[in-house]
1. Quick check on the range 49-62. Is at least one of its residues out of contact with any helix residue (DSSP H, G or I) (no Cβ under 8 Å at 6 or more places or on another chain) and under 23 Å from Tyr91 (Cβ atoms)?
2. Just for the range 1-18: of the residues that are modelled with pLDDT of 95 or more and outside any helix (DSSP H, G or I), which one is most open to solvent (accessible area, probe 1.4 Å)?
3. Tell me, which residue of the range 42-74 that is closer than 16 Å to Leu29 by Cβ and in a loop (DSSP other than H, G, I, E, B) is least open to solvent (accessible area, probe 1.4 Å)?
4. Are any residues in the range 84-105 out of contact with any Gly (no Cβ under 9 Å at 6 or more places or on another chain), assigned to a loop (DSSP other than H, G, I, E, B) and in contact (Cβ under 8 Å) with a residue 24 or more places away in the chain, and if so, which ones?
5. Can you report the number of residues in the range 21-40 which are under 22 Å from Tyr91 (Cβ atoms), in a helix (DSSP H, G or I) and either in contact with an Asp or Glu (Cβ under 8 Å, 6 or more places away or on another chain) or open to solvent by 60 Å² or more (accessible area, probe 1.4 Å) (or both)?
6. For Ser81, all conditions in the list (1) part of a loop (DSSP other than H, G, I, E, B); (2) over 11 Å from the mean Cα position of the chain (by Cα) hold save one; what is the number of the exception?
7. Looking at Thr65, Thr56, Thr61, Thr39 in this structure, which one is over 18 Å from Lys98 (Cβ atoms) and either at pLDDT 95 or above or touching a Lys or Arg at 6+ places or on another chain (Cβ under 7 Å) (or both)?
Amino acid sequence: LAEFANIIRKNIRHVDTAFRYGGEEFVILFPFVIANKATVAVEKIRRQLEQKDFITDDGETVNITASAGVATYISKEGSDSFIKRADKAMYQAKLNGKNRALIAD
C-alpha cells in the first residue's frame, strides 16, 4: 500500500488529493479536470503499478494490477451519489477484465 501511495503521489498535481477510502480502495480528487483528462492520469498510475515488481515476505516477485472508476462531479450532486457512480464504474472495470479504468455514466 505504501508503494502504491508513492506511485499515486508522484503522478498527481499539488492541488489534487488522494486518500485511502477502504481496505484496497483509493480516491483521487482532480479539481477542475474532466473525466477524460483524469482518466489519463489514472491510466498512468495504473500502468506504473502493474510494471512495479513487489517482493513478498517469501522472496517471490509479484505484480499488482488495479481497476478504476472515474467520475465527473455533477453540479449539486450529493457526495454519496458521486462516490456511488465512481464505485459502479470501478466494479464494471473489474467485470470487463480488470486492470483498466472506466468513466462513470
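The values are calculated or read from the model by the stated rules, or taken from the named source; none is laboratory data. Because the structure is a prediction, the values reported are computed rather than measured. No Cβ is skipped: glycine too gets one built from the backbone with ideal geometry, and neighbour counts run over all protein chains shown. Remember, those area values only see protein heavy atoms, side chains included, never the ligands or the DNA or RNA. Shrake-Rupley method; radii C 1.70, N 1.55, O 1.52, S 1.80 Å.
1. Taking every residue of the range 49-62 in turn, at least one turns out to be out of contact with any helix residue (DSSP H, G or I) (no Cβ under 8 Å at 6 or more places or on another chain) and under 23 Å from Tyr91 (Cβ atoms).
2. Here the answer is His14.
3. Ala71
4. If the condition is that a residue be out of contact with any Gly (no Cβ under 9 Å at 6 or more places or on another chain), assigned to a loop (DSSP other than H, G, I, E, B) and in contact (Cβ under 8 Å) with a residue 24 or more places away in the chain, then Lys98, Asn99, Arg100 are the ones that fit.
5. Here the count works out to 2.
6. (1)
7. Thr61 is the lone residue from the list that is over 18 Å from Lys98 (Cβ atoms) and either at pLDDT 95 or above or touching a Lys or Arg at 6+ places or on another chain (Cβ under 7 Å) (or both).
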